[in-house]
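Asker: Right, I'll just put the structure down here and ask away after.
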Amino acid sequence: MNQLTAKMKRVIALQDIKDAERRIRDVVLETPFAVNTQLSQKYGCHVYLKREDQQIVRSFKIRGAYNKMAQLSKDELEHGIVCASAGNHAQGVAFACNKLKVKGKVVMPNPTPSQKINKVRDFGGEWVEIILKGDTYDDAYAEAISLCQKSRSTFIHPFNDEQVIAGQATIGLEILKQTQNPIDILLIAVGGGGLIAGVGSCFQHLSPSTEIICVEAEGAPTFHHSVRANALTRLQSIDSFADGIAVKEMGSIPFTIAKQFTSRHVLIPEGKICTTMLELYNDQGIIVEPSGAVGVAALDQLGDSIKGKTIAIILCGGNNDVDRLNEVRERSLLHEGFKHYFIIKFPQRAGALKEFLNLLGPSDDITHFEYTKKTNRVAGPALVGIELNHSKDFESLIERMTAASIQFQHLNENPMLFEMLV
C-alpha cells in the first residue's frame, strides 16, 4: 500500500461523497463559483468565491443535514430527530424535516439572531419545534442530547458525523467541476470542522496539490489549539460573535481527518471580520454573516504568499441579521483604530468641556458622552467616545490631551472596563 493510498483511508471516501451528491442533487442548489475581479485586483491573485451564501437556506449546512436524514431508517424517522445549532445547521435540518415529513426538535442558544430563528420556523413549518437553551452552542448541544435520551430520537450532529461530512464534501465536487483552472489554495472557515473535513477530503482525492488553509475566528480557535496540542482541545471560553463557527471544541472525526492535510491556520480578529463584512456589502453588495466573511478576511494576513496564485474561498453563510449591523460597524471601527473610548476626568467648572473639544481635530466626532455632576467635588469622570476621521490621528490626539494635562484612561486597552462601560 503506497503512502497516498494509506492517507486516503483516513479521509471520507470519494464514493461516499459521490453518493451524497446524487442523494441531495434534487434538493440542494449548485451554487455559483466564479472569479471575483475586485478581490483579485486588490490582492494580485485570482480569487474565486464559492457562493454558499446563495444556497436555499443561505448556508452550506443543508447538504450534510439532508444527506444524513435521507439515510435514516423507517424506525428512526418515526421517532423523529433532534439537532443543536447556532442557526445554520438548524435551518438545514428544518428544511429536511419539512421535505422528508419528519418531526424534529431544533435547539438553539438564546443569543441566536432572530433572523435565523425565524428562518428555522419558516423552513420547518409544522414539522419543527424550536427550543432556545443556554448561551452557547455547547449549552444547546447538552439540551439536545438530553431530549434524545428521553424520546429515543435520532440526533443530527452538525459536524461530528461522517454522513454529514460527506454531504458538506459535495461542495468540493462542485468547485472542481465548475473550473478548469488548478486551484493553488483553498481557504475554509472552521468551527466544528465538518466543512474542512468534507471539502478537504474531496480535494485529497481529486486535487491533492491544492494547499488547504484553515481560517478561524480569533475568539474561538479550537482547531488551532488542538493542532498545537496534537490532541482535541476544549476551550474554556469563546467569543460567540462569529456564531456560525464559534464552538468550544471541534468534532473528533473532523479533527482526525482535517489535521492530516491542513497546512496553515489563520486566526482572524472579530473586528477584522466586521470590516470585511462591511466591505463586501458596501463594495460588492454581498451579504455574509461573520463566519462567511473569515475566508476573505484572511487574504490580508496571507500577504505576498498568495501573489499570482489561484485562490478559492467558500462563502459559507449569509444569514446575517440587520439588527446586528450597529455592532458590526462598532467592532470594525474599534479594530481599524477609528473609534476610541476614554474615561476623562473633567474639572467641575464652566468651560471645561469646551477646552476639551478644542483639542479634537476638525473632522473628529464625539459619538458618546456620559457625565453626571458630583456635588462637593472639584472634578468628575465622563465616558467619552470619539470617532476619528483618520486612524493615524490617534497618536496626535493623545499628545494634545497629555500636553493639556487632561486626566484620562483609554478604555480600548482595558477589555474589562470597556465591556462593563461600553
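The values are calculated or read from the model by the stated rules, or taken from the named source; none is laboratory data. All figures in this text were calculated on a predicted structure; none of them were measured in a lab. Neighbour counts are summed over all protein chains in view; Cβ atoms, including those assigned to glycine, are modelled from backbone coordinates with ideal geometry.
Asker: Kindly evaluate SER151 against the criterion of being surrounded by fewer than 22 Cβ atoms within 10 Å (Cβ to Cβ) and at pLDDT 95 or above.
Answerer: no
Asker: Exactly one of these conditions fails for ILE56: (1) crowded, with 24+ Cβ neighbours inside 10 Å; (2) farther than 26 Å from GLN260 by Cβ. Give me its number.
Answerer: Here ILE56 meets the rest and fails (1).
Asker: If you don't mind, another one. Across region 277-302, what is the number of residues that are under 21 Å from CYS214 (Cβ atoms) and without any contact (Cβ under 8 Å) to a residue 24 or more places away in the chain?
Answerer: Number of matching residues: 2.
Asker: Which residue is farthest from TYR66 (Cα to Cα), if the candidates are limited to region 109-128 and must be modelled with pLDDT under 90 and either aliphatic (A, V, I, L, M) or part of a helix (DSSP H, G or I) (or both)?
Answerer: SER114
Asker: Here's another thing I want to ask about it. Within region 202-226, how many residues are surrounded by 18 or more Cβ atoms within 10 Å (Cβ to Cβ), of a type in the set (A, V, I, L, M, F, W, C) and part of a helix (DSSP H, G or I)?
Answerer: Adding up the residues that qualify gives 3.
Asker: Only one of ASP364, ASP283, ASP321 is among the acidic types (Asp, Glu), touching a helix residue (DSSP H, G or I) at 6+ places or on another chain (Cβ under 8 Å), under 23 Å from ASN412 (Cβ atoms) and surrounded by fewer than 22 Cβ atoms within 10 Å (Cβ to Cβ); which?
Answerer: When all the criteria are applied, what remains is ASP364.
Asker: For region 50-85, what are the residues that are closer than 15 Å to LEU195 by Cα, of a type in the set (A, V, I, L, M, F, W, C) and not in a helix (DSSP H, G or I)?
Answerer: Across region 50-85, the qualifying residue is only PHE60.
Asker: Does GLY292 satisfy being crowded, with 21+ Cβ neighbours inside 10 Å and in the same structural domain as ASN181 (by TED's automatic domain parsing)?
Answerer: So GLY292 passes the test.
Asker: Next up: Tell me whether region 344-360 contains one or more residues that are in contact with an Asp or Glu (Cβ under 8 Å, 6 or more places away or on another chain) and assigned to a loop (DSSP other than H, G, I, E, B).
Answerer: no
Asker: Given (1) modelled with pLDDT of 95 or more; (2) within 17 Å of the chain's Cα centre (by Cα); (3) not hydrophobic (A, V, I, L, M, F, W, C), where does GLU327 come up short, assuming only one miss?
Answerer: Result: GLU327 passes all but (1).
Asker: Test THR210 against the stated conditions and say whether it is in the same structural domain as GLY44 (by TED's automatic domain parsing) and closer than 22 Å to SER305 by Cβ.
Answerer: So THR210 fits the description; yes.
A quick yes/no check of all residues on (1) more than 30 Å from LEU235 (Cα to Cα); (2) out of contact with any helix residue (DSSP H, G or I) (no Cβ under 6 Å at 6 or more places or on another chain):
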| position | (1), (2) |
| --- | --- |
| ASN98 | yes, no |
| GLN115 | no, yes |
| GLU126 | yes, yes |
| TYR137 | no, yes |
| TYR141 | no, yes |
| LEU147 | no, yes |
| SER151 | yes, yes |
| PRO158 | no, no |
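Asker: Just name the residue that is farthest from the chain's Cα centre (by Cα) out of those in region 64-92 that are under 16 Å from VAL128 (Cα atoms) and of a type in the set (Ser, Thr, Tyr).
Answerer: TYR66
Asker: Hey, any hits in region 28-40 for a residue that's buried (at least 20 other Cβ atoms within 10 Å of the Cβ), under 19 Å from HIS157 (Cβ atoms) and either over 23 Å from the mean Cα position of the chain (by Cα) or at pLDDT 95 or above (or both)?
Answerer: Among the residues of region 28-40, at least one is buried (at least 20 other Cβ atoms within 10 Å of the Cβ), under 19 Å from HIS157 (Cβ atoms) and either over 23 Å from the mean Cα position of the chain (by Cα) or at pLDDT 95 or above (or both), which makes the answer yes.
Asker: Another one. For region 242-341, give me every one of the helices (runs of 4 or more DSSP H) that falls completely inside it and has 2 or more residues that are farther than 24 Å from ASP135 by Cβ and of a type in the set (Gly, Ala, Ser).
Answerer: Ranges flagged: 290-302.
Asker: Is there a residue being in contact (Cβ under 8 Å) with a residue 12 or more places away in the chain and in a helix (DSSP H, G or I) anywhere in region 129-137?
Answerer: yes
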